[in-house]
Every structure is written in structure tokens, then in C-alpha cells.
1. Mind pulling the angle between the C-alpha long axis of helix 12-31 and the longest principal axis of the chain? Nearest 10 degrees, somewhere in 0 to 90.
2. How far apart, in nm, are two points set 7 Å out from the Cα along the Cα-to-Cβ line at residue 100 and at residue 8?
3. Using only Cα atoms, tell me the angle between helix 59-68 and the longest principal axis of the chain; keep it within 0 to 90° and round to the nearest 10.
4. Work out how much length residue 159 to residue 231 would gain on full extension: take 0.36 nm times their residue separation and subtract the Cα-Cα distance, in nm to one decimal.
5. Can you give me the % of accessible surface on the chain that is carbon or sulfur? Probe 1.4 Å, all protein chains present, nothing else counted.
6. Strictly over 25 Å apart at the Cα level, which of 113/163; 96/118; 118/163; 154/225 would you flag in this model?
7. With a 10 Å cut-off between alpha carbons and a GNM built on the chain, which of 32, 147, 129 moves the most?
8. Karplus couplings for the stretch 219-236 from phi (6.51 cos²θ - 1.76 cosθ + 1.60, θ = phi - 60°), rounded to Hz, Gly and Pro as x?
Amino acid sequence: YQVDRKNQGAAASTVNWELSTLSKIFNTLMEIQYVDANPARMVKRLSTREEEREVYLGFSDVNAMVELCPPWVRPIVLTGYYTGMRRGEVLGLTWKQVNLSTRVVRLGPQDTKEGRRKRVPLRLEVIEILERSRRVRSQATGRVFLIDGRPPNKESIKNPWRKSCQALDLLDPRPRFHDLRHTWRANARRSGVDPVIAETILGHWHRQRSVNERYGRISDVEMLKAVDSMVFDNGMTEIIVDNKRRQ
């Protein structure tokens, strides 16, 4: 199966994900006593080292991509770009989580990959985006971003994102939405933002203790000062895969 999928052009990470899904199915079958063993456990996962990539999306390319996207996608991409939030965090954003007056988004443990609370400071560019979204929001939902009154999902933005990358010839490999997060981190570093504050904003999880627990609570004011100081026009688009520059 692994060989066939690789020959079909599937990435190693995709094959590993499919194998994990199959393993979960077998575990369920074992629980209801349909099978006696899970053969997927005996299959070694493929190495994903060749898929390791470093991506930086230039300011001009991001803006060009935004212009090529449908109007409802544009605020989603820009919010990811200016905040470093994950795709799921942006798509699932609700007005209860957003405080426009204090310029802070507060996410609960159920809203983050790490399962921990997170605060995200908002630059003025994001405040303007959210203000526009609030003026056209539906009364039937508390979600910030909508498609014709309905909340978007991860599948909703795949085609618009792909088409905008193709139009700009950003291929082989194509940038991912998650690369906006990598770009934010690079912009923070290149702008001289304190690494501890940057990691707190990104919400990276530390196995033993959180950043806040190790260094003391970082205030909202400190985070806002940090993001307000960031410069986003910090270079051209670069995509490096397996130590080889592609763009």
C-alpha cells in the first residue's frame, strides 16, 4: 500500500496519516470484537525528512495572493498573516473571543492545538479587517468569518488558495496556509521581537512548563507593543525543501 501510494505521488506524511486512520479503524474493530489484531501497528511509518521545508512568503506575494482570492477569503488570509494563528483558529474565530477595544483575541483550551489558553494581540490592520467583517456579519451565527452567511471550513479555502498560488506561479512546492504562520515567526524574529513573547503569541506548547510559567506572565500591553513594532516587508518569497531553494 505504501509503495503504491508513493508511486501515485502521495507525500510520505499523507501516507502516514492514512495509515494512522486505518490503525484507528482496526482499533475500533478490535473493541467490538470483529478482528483479533491490528496489522497496521506492525507497519513502519515512512520517513518525512525529505518533506522538511522552510518557507517565507514575501509581503508583495501575500498581497498579490489576497487580491486573487474571492472577497470572503481575503480577510481570512490576512488575519492568518498578521497574527500567526493556525488555520483552524482563524476559521473558528467567534465574536465572543474577540475584544476590539483591547485588541486581544482570547482562545480557550478547546480552541487550540496545544489544549491551553492563548492570547493573540491584534495589529491595527487586523482591527480594520474585523471591523469590516462585523458590519456584514450574519445575525444567525457568532462566527467572525462567513461564506454567504455560513461558517467556512478547511476545505472551503483550499481551491481559492491553490488557484491564487498557481496564478502567481508559486509552485513546486505550493505554499500552504500554515506557511503564513512560519512567515509570521520569521517576521517577528527579523523585527527584533523578544523570542519569549513571540512563542507566547504563537502558543507553542512546552512539554514541561509553559513559557508563561517559566518566565512570568507576559501582559497584554507587552504583546501589543511587540506586534505593533513588527515589520512585515522583510524579504522576498523563499521556499527551501531538503536544503534546496525552489523559489
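1. Between helix and principal axis, roughly 70 degrees.
2. So the label points at residue 100 and residue 8 sit 4.7 nm apart.
3. With both axes taken from Cα atoms, the answer is about 80 degrees.
4. Values: separation 72, 0.36 × 72 = 25.92 nm, distance 2.93 nm.
Separation in residues times 0.36 nm, less the Cα-Cα distance, equals 23.0 nm.
5. Details: 7080 of 14540 Å².
About 49 percent, which is the carbon plus sulfur part of the accessible surface.
6. On the way: 113/163 28 Å; 96/118 14 Å; 118/163 32 Å; 154/225 31 Å.
Cα-Cα > 25 Å for 113/163; 118/163; 154/225; rest within.
7. Checking each option, the largest mean-square fluctuation is seen for 32.
8. 6, 4, 4, 4, 5, 5, 4, 5, 6, 5, 8, 6, 10, 9, 9, 10, x, 8
The values are calculated or read from the model by the stated rules, or taken from the named source; none is laboratory data. Just so it is clear, the model here is predicted, and its values are computed rather than measured. Methodologically, a virtual Cβ is constructed for each residue, glycine included, from the backbone with ideal geometry; neighbour enumeration extends over all protein chains shown. The protein model used for the area step is the full one, side chains on, heavy atoms only, and it has no ligands, DNA or RNA in it. Shrake-Rupley method; radii C 1.70, N 1.55, O 1.52, S 1.80 Å.
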